Structure formats: C-alpha cells, structure tokens
1. Which of the numbered conditions does ILE2 fail, given that it passes all the others? Conditions: (1) open to solvent by less than 10 Å² (accessible area, probe 1.4 Å); (2) over 25 Å from ILE186 (Cα atoms); (3) in contact with an Asp or Glu (Cβ under 6 Å, 6 or more places away or on another chain).
2. For LYS242, only one of the following conditions fails: (1) surrounded by fewer than 13 Cβ atoms within 10 Å (Cβ to Cβ); (2) at pLDDT 95 or above; (3) within 30 Å of THR298 (Cα to Cα). What is its number?
3. Any idea which residue in the stretch 113-129 is least open to solvent (accessible area, probe 1.4 Å), counting only those that are in a loop (DSSP other than H, G, I, E, B) and more than 12 Å from HIS72 (Cβ to Cβ)?
4. If you check SER219 against the conditions, is it open to solvent by 60 Å² or more (accessible area, probe 1.4 Å), more than 18 Å from HIS339 (Cβ to Cβ) and of a type in the set (Gly, Ala, Ser)?
5. Give me a count of the residues in the stretch 291-304 that are in a loop (DSSP other than H, G, I, E, B) and either in contact (Cβ under 8 Å) with a residue 24 or more places away in the chain or open to solvent by less than 30 Å² (accessible area, probe 1.4 Å) (or both).
6. Within the group SER254, SER263, which residue is over 24 Å from SER3 (Cβ atoms), among the hydroxyl-bearing types (Ser, Thr, Tyr) and without any contact (Cβ under 8 Å) to a residue 60 or more places away in the chain?
7. If SER140 satisfies every condition in (1) closer than 19 Å to LYS47 by Cα; (2) surrounded by 14 or more Cβ atoms within 10 Å (Cβ to Cβ); (3) under 25 Å from the mean Cα position of the chain (by Cα) but one, which is the exception?
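The values are calculated or read from the model by the stated rules, or taken from the named source; none is laboratory data. These numbers come from a predicted model, not from an experiment. Virtual Cβ from ideal backbone geometry, glycine too; neighbours counted across all protein chains shown. Accessible surface is based on the protein model in full, side chains and every heavy atom, while ligands, DNA and RNA are left aside. Shrake-Rupley method; radii C 1.70, N 1.55, O 1.52, S 1.80 Å.
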Amino acid sequence: MISINNHLSARHKDVTMFLKNIVDEMWRDLNPHNNLGKPMKRALTEKADSLWKIVSSNNYIKKFGSEAAKRHIDFTDYLRDHKNLECIIKSKPEDLNKIVQVARHHLIDSDLYLYEKSKIETQPFGSLLLKLFNYENYRSSNHCYKRYQKLGFSEATCPYCNENSVRIIEVTKPAKKEKVMMLYDIDHFYPKHMFPYLALSFYNHIPSCKTCNQTFKGSEPFDINNHIHPYHQCFDSVYEFKVNHSILSNEPLSNIKLVNNTSFPDKLVDILQLESRYQNSTNLTRTPKLIDILSKRTHLLRRGVISPVEREMLIEALSCFGLVYRKEDILSNLHSKFHRDIVKFFDIHNILKLM
C-alpha cells in the first residue's frame, strides 16, 4: 500500500541508482559468461538465437504455416538483438506498454494464447517464449532471492494489500542442508501467459501475498494505465481509508471505504477486494484497540492544548500499539496504512506529526 520506491527510500539515499544497479545485475545474472568471457548456453541471448533457429526451420514452417511462422520469425529476430532483449528485462513500469505494442506489431494474440472455456490456454509459440523467458528457473535461482533480500523483502508486507506478510526464511532439512524459501509470490503485473516476453522483466515482478496474487488477481490482465503499479505509483497517495464518524466517540467500527482522491482510474482495489477484506478483519487489524486509545484522548489532539506529559503518554501508547509514523515504513508493519488513516481521522491538525 505504498510505492516500493518509497519503501526503498527508507534504506537508500539514491533509489534510482540503487534500482538501476539491481536491474543491471539481473541482466548479468540472466546472461552468465564462462571463463573465456563467452556467453554460456543458458544465457538469455544464446537461448534467443536457439529459438530463432527453431521457428525458422522448415519443420516449424510446415507445421504452423508460412504466415504464422513469418510472424514468429520476425518477433524472434527482434529478440535476437541484444539491445532489444536487454530493454525487455530492464524497461521501467511506464515503458512496459511500449514493449507490448512492439510485440503486437509482430504478433497476434492467438500466437500466444487462446481463451478456452474462460481459461487461458497457452499456444505453442507462447510456450516457446515461456521457455526462453523461463520464470520458473529464475524463481528458484539463488540470485532471485538475494535480489529480493536487497529490495527489503526479507521481512515486509505485501505492497498490494499491506494485510499479509512476505518473508524469506532458511529451512533446515533432515540432511542438514539449508534451503532458502521465499514465502510469497512474485506477481506478474502483466500475466506471463498473455505476455510471455515480459515473464522476466524486472518491473513486471511484484512481490505479493498469495491471497492477492492467486485468490483474487489470478490471470487478470493488469495494465499500468488503470491499475496501481507499486514501482510506479503510491497507493498511500491515491487512496484513503474512510470510516464511520462515530468512532470518534469510541463506537464500533462499522463502515470502511477506500476512497480514490485522484483522477487515476484505478481498478486494482475492486479486483483485490480490499474493502471487503478490511471490512471483515477489524479484530485482526486490532482496530478497536487503536480507536479506544485515540477516542479517550481526543482532547490532546486539539490545537492550543498544552499537556506534555499526557501527550507523551499518548505517543507512548501508540508506539506500543505499533503505529508507523513515517510513510516510508508502511510496508514494515501489517495494516500500517489503515492504522495511519484512522489516526489522521482523529488527528486532523497532525499534532502527532505523522510523516
């Protein structure tokens, strides 16, 4: 519920340079070289060359027809250019649509997938692209989990919902071999079965909980033009939790709304059912406790009130509750965005100085 860039700004002075180094490193990891400085067979650039040989073969052309094969050859030829391939891996969120447009210039959707009984069925050329941009191998690699450790997702919360944790742990097996496990999904903002050429694009990867990714999003085709992208926009700046006014008198929380305060036509909140999830989790979010703390001390949140000792006691109570004071730290605690908005509802003059 905050941009990942803001999350990183709590740890890095120059987030732009940090992310540049991250994606440069990813490109190198996807294209390993041997001791002689030559690319290895598993390098992405080498695999693109191998794919071109497959789709340009007589057997392939005979099997799929000259018209379809020409489209596949043209697009694979585009991928053989190392600069284009590097651009696909490194393109920033706002440039992902440009890559989609390039792909659609060469291909038609049925080259990649078809809808069969409301389900997406990957087509043969789509499967070949998924082998080229092999996400499963990447996800199981050491450099993948190390990358997300650097990104601060060893112990954090889901950027989509702020409701569930995302963690990296070490599991000791019976043979006493330690295995690192990422206890969360990496969501493909643009679904990989519809956009297989984006399956390894760094900015198409969003660390997320399984509830957001599997239960609600699934293969829903997110698009940066109408869904909040955590590397591109800040959910905290776009949305605000609104609650029933009676909580000011310590009445139960009965109505929770997420209000879009901008003109951005976001669809993410509805697809992920965030309102319903928070509406039905008031006890899990410990909200009654927070409301009790604030409603009994509203006199300390008025301008001109000078009671340093009492105010310090309020600040201490909120700190013990776990209130996050800096927006950059929202992803460090569960439900932090929700808690902060409730505090702001009580503290209209920002006496508590939430940043």
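1. (2)
2. (1)
3. To start, the set of residues in the stretch 113-129 that are in a loop (DSSP other than H, G, I, E, B) comprises 117-118, 123.
Okay, now just the ones that are also more than 12 Å from HIS72 (Cβ to Cβ), so 117-118.
Values: LYS117: 194, SER118: 113 Å².
Among those residues, the one meeting the criterion is SER118.
4. Values: open to solvent by 60 Å² or more (accessible area, probe 1.4 Å): yes; more than 18 Å from HIS339 (Cβ to Cβ): yes; of a type in the set (Gly, Ala, Ser): yes.
Judged against the criteria, SER219 is a match.
5. The first filter runs over the stretch 291-304 and keeps only residues in a loop (DSSP other than H, G, I, E, B), leaving 296-297, 302-304.
Adding the requirement that they be either in contact (Cβ under 8 Å) with a residue 24 or more places away in the chain or open to solvent by less than 30 Å² (accessible area, probe 1.4 Å) (or both) leaves 296, 302-303.
Looking only at that region, the number is 3.
6. Values: SER263 fails: over 24 Å from SER3 (Cβ atoms).
Checking each option against the conditions leaves just SER254.
7. (2)
Matching residues to (1) open to solvent by 40 Å² or more (accessible area, probe 1.4 Å); (2) basic (Lys, Arg); (3) farther than 23 Å from LEU19 by Cβ:
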residue: ASP111; (1), (2), (3): no, no, yes
residue: TYR135; (1), (2), (3): no, no, no
residue: TYR160; (1), (2), (3): no, no, no
residue: LYS179; (1), (2), (3): yes, yes, yes
residue: MET182; (1), (2), (3): no, no, no
residue: PHE189; (1), (2), (3): no, no, no
